[in-house]
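The values are calculated or read from the model by the stated rules, or taken from the named source; none is laboratory data. This is a predicted model, so every value here is computed, not measured. We place every Cβ from the backbone using ideal geometry, glycine too, and count neighbours over all the protein chains shown.
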Ligand SMILES: *Cc1c(COP(=O)(O)O)cnc(C)c1O
């Protein structure tokens, strides 16, 4: 079996679990976009990745994304920036990525917008919220969300799509269900207060995407479950 086939099987399995979670929640499975997080993969893996048919890929650091973006066919994929974005990386990220899930300040949002306008692009953005208030995590506190949303909604280079969060690490995903529910409730409350449509909820990773989808995720960001090493291959692919 080659690597693309191996990954294709994992992708099918995860899609199946997403479908099950949707069914339990009374949702349509096509409401959930599967973003494959490729940060642990070597640049050459992009060719195999394209063969799996997966179309949305996520990277959390510009330095790791850069060599992958130069691979043949990389521009046929939709790239999602999901990590903390430093201001000096805004220009290349705006050039290559369609989505930025991790906007957490007005200053960063304005920089992205200005650069997008310069490049005649529109970037889809999400506000990252630190629901669990973990000191080591990025994201705004829930009570800071409204002013940031109002600023971003007025930025000409941005299309504000919704909210993103990362749950704390948990061995039992049920322990972090409350985080996903809280993000959905915050979204509902923000839509009511501001009138800004916020259709997208980016939440759920390898260990916790099932409760995230049951609570309303429209985008899940999954790495380890989709791209495990081949049987017999070293644990670290890159
Ligand atoms: C790495 C990463 C993921 C995927 O994590 P897995 O546990 O490998 O599924 C999702 N979101 C962000 C922001 C990440 O950095």
- Message: Of everything in the stretch 210-237, what is assigned to a loop (DSSP other than H, G, I, E, B), within 13 Å of the ligand (Cβ to nearest atom) and at pLDDT 95 or above? Give them in sequence order.
- Response: 217, 223, 224, 225, 226, 227
- Based on what the data block shows, is residue 207 in contact (Cβ under 8 Å) with a residue 24 or more places away in the chain and within 13 Å of the ligand (Cβ to nearest atom)? yes
- Residues in the stretch 106-127: is at least one within 14 Å of the ligand (Cβ to nearest atom), farther than 28 Å from residue 196 by Cα, modelled with pLDDT of 95 or more and not in a helix (DSSP H, G or I)? no
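Yes/no matrix, rows are residues, columns are (1) crowded, with 24+ Cβ neighbours inside 10 Å; (2) in contact with a helix residue (DSSP H, G or I) (Cβ under 7 Å, 6 or more places away or on another chain); (3) closer than 18 Å to residue 102 by Cβ:
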residue	(1), (2), (3)
163	yes, yes, yes
170	no, yes, no
180	yes, yes, yes
183	yes, no, yes
186	no, yes, yes
189	no, no, no
212	yes, yes, yes
215	no, yes, no
225	no, yes, no
- Find the residue count for the stretch 128-147, including only residues that are surrounded by fewer than 22 Cβ atoms within 10 Å (Cβ to Cβ) and either in a loop (DSSP other than H, G, I, E, B) or within 16 Å of the ligand (Cβ to nearest atom) (or both). 10
